[in-house]
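Trainee: Structure in structure tokens, see below.
The values are calculated or read from the model by the stated rules, or taken from the named source; none is laboratory data. Everything numeric here is computed off the predicted structure, so don't read it as measured data. Virtual Cβ from ideal backbone geometry, glycine too; neighbours counted across all protein chains shown.
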Amino acid sequence: MPTKEELKKEYKLNPPKMGIFRITNTKNNKIYLIASKNLPAAHNRFPFSLRTGNYFIGELQKEWDEFGESAFAFDDLDVLEFQEDPNYNYTEDLETLLQLWLDRLQPYGEKGYHKKK
């Protein structure tokens, strides 16, 4: 079994994919976009939250409960490039990338679960 130090080193050498994650309701094509520093974890976390009825977007949770899990698709829209600098902060890049996708797809009202600011 690897030690804690070995796991940290492995993590730094192979950081998780970061980027924009999309949830799509295939019954009405409404979408929700999420910026994530760990896309593989997002693929697990968001369906799990919906399955347990704990999702923070009420309308999305309601339609998940109504249409069922098979009516939803999960995919990555965009992935950030890994930076060699171990201290690089991806937060601003993710926020900018999310805003670009929000501007492009306009997931508001009948097109999505986002609230217009």
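Trainee: Of the conditions (1) modelled with pLDDT under 95; (2) within 30 Å of Lys9 (Cβ to Cβ); (3) not hydroxyl-bearing (Ser, Thr, Tyr), Leu50 fails just one. Which one is it?
Mentor: Unmet for Leu50, out of (1) modelled with pLDDT under 95; (2) within 30 Å of Lys9 (Cβ to Cβ); (3) not hydroxyl-bearing (Ser, Thr, Tyr): (2).
Trainee: Go through the range 65-85 and give me each residue that's touching a Pro at 6+ places or on another chain (Cβ under 9 Å) and either closer than 17 Å to Gly112 by Cα or assigned to a helix (DSSP H, G or I) (or both).
Mentor: Of the range 65-85, the ones touching a Pro at 6+ places or on another chain (Cβ under 9 Å) are 69, 72, 74, 82.
Result: Glu69, Phe72, Phe74.
Trainee: Hey, does the range 9-26 have a residue that's touching a Leu at 6+ places or on another chain (Cβ under 8 Å), among the β-branched types (Val, Ile, Thr) and not in a helix (DSSP H, G or I)?
Mentor: yes
Trainee: Cβ-Cβ distance below 8 Å, separation of 6 or more or different chains: which pairs start in the range 93-117 with a residue that is closer than 14 Å to Ile20 by Cα and end on one that is of a type in the set (Val, Ile, Thr)?
Mentor: Cβ pairs passing all conditions: Leu94/Ile20; Leu97/Ile20; Leu98/Ile20; Leu98/Ile34; Trp101/Ile20; Leu105/Ile31; Pro107/Ile31.
Trainee: Here's another thing I want to ask about it. Could you tell me whether the range 91-111 includes any residue that is in contact with a strand residue (DSSP E or B) (Cβ under 7 Å, 6 or more places away or on another chain), in a strand (DSSP E or B) and surrounded by 13 or more Cβ atoms within 10 Å (Cβ to Cβ)?
Mentor: yes
Trainee: Also, I was wondering about something else. Looking at (1) out of contact with any strand residue (DSSP E or B) (no Cβ under 9 Å at 6 or more places or on another chain); (2) of a type in the set (Ser, Thr, Tyr); (3) under 18 Å from Glu95 (Cβ atoms), which is the one condition that is false for Tyr55?
Mentor: Evaluating Tyr55 over (1) out of contact with any strand residue (DSSP E or B) (no Cβ under 9 Å at 6 or more places or on another chain); (2) of a type in the set (Ser, Thr, Tyr); (3) under 18 Å from Glu95 (Cβ atoms) leaves (3) as the failure.
Trainee: In the set Tyr32, Tyr55, Tyr88, which member is modelled with pLDDT of 95 or more and outside any helix (DSSP H, G or I)?
Mentor: Working: Tyr55 fails: modelled with pLDDT of 95 or more; Tyr88 fails: modelled with pLDDT of 95 or more.
The conditions single out Tyr32.
Trainee: Condition first: among the charged types (D, E, K, R) and closer than 16 Å to Lys115 by Cα. Now tell me which residues in the range 51-61 satisfy that.
Mentor: So in the range 51-61, the residues among the charged types (D, E, K, R) come out as 51, 59.
The one that is among the charged types (D, E, K, R) and closer than 16 Å to Lys115 by Cα: Glu59.
Trainee: Continuing with this model, one more query. Can you find, within the range 17-50, the residue that is farthest from Leu100 (Cα to Cα) among those that are surrounded by fewer than 15 Cβ atoms within 10 Å (Cβ to Cβ) and touching a helix residue (DSSP H, G or I) at 6+ places or on another chain (Cβ under 7 Å)?
Mentor: Only one residue tops the list, namely Lys27.
Trainee: As an exercise: evaluate Phe67 against (1) more than 18 Å from Ile20 (Cα to Cα); (2) surrounded by fewer than 14 Cβ atoms within 10 Å (Cβ to Cβ) and give the number of the one condition it does not meet.
Mentor: Every condition holds for Phe67 apart from (2).
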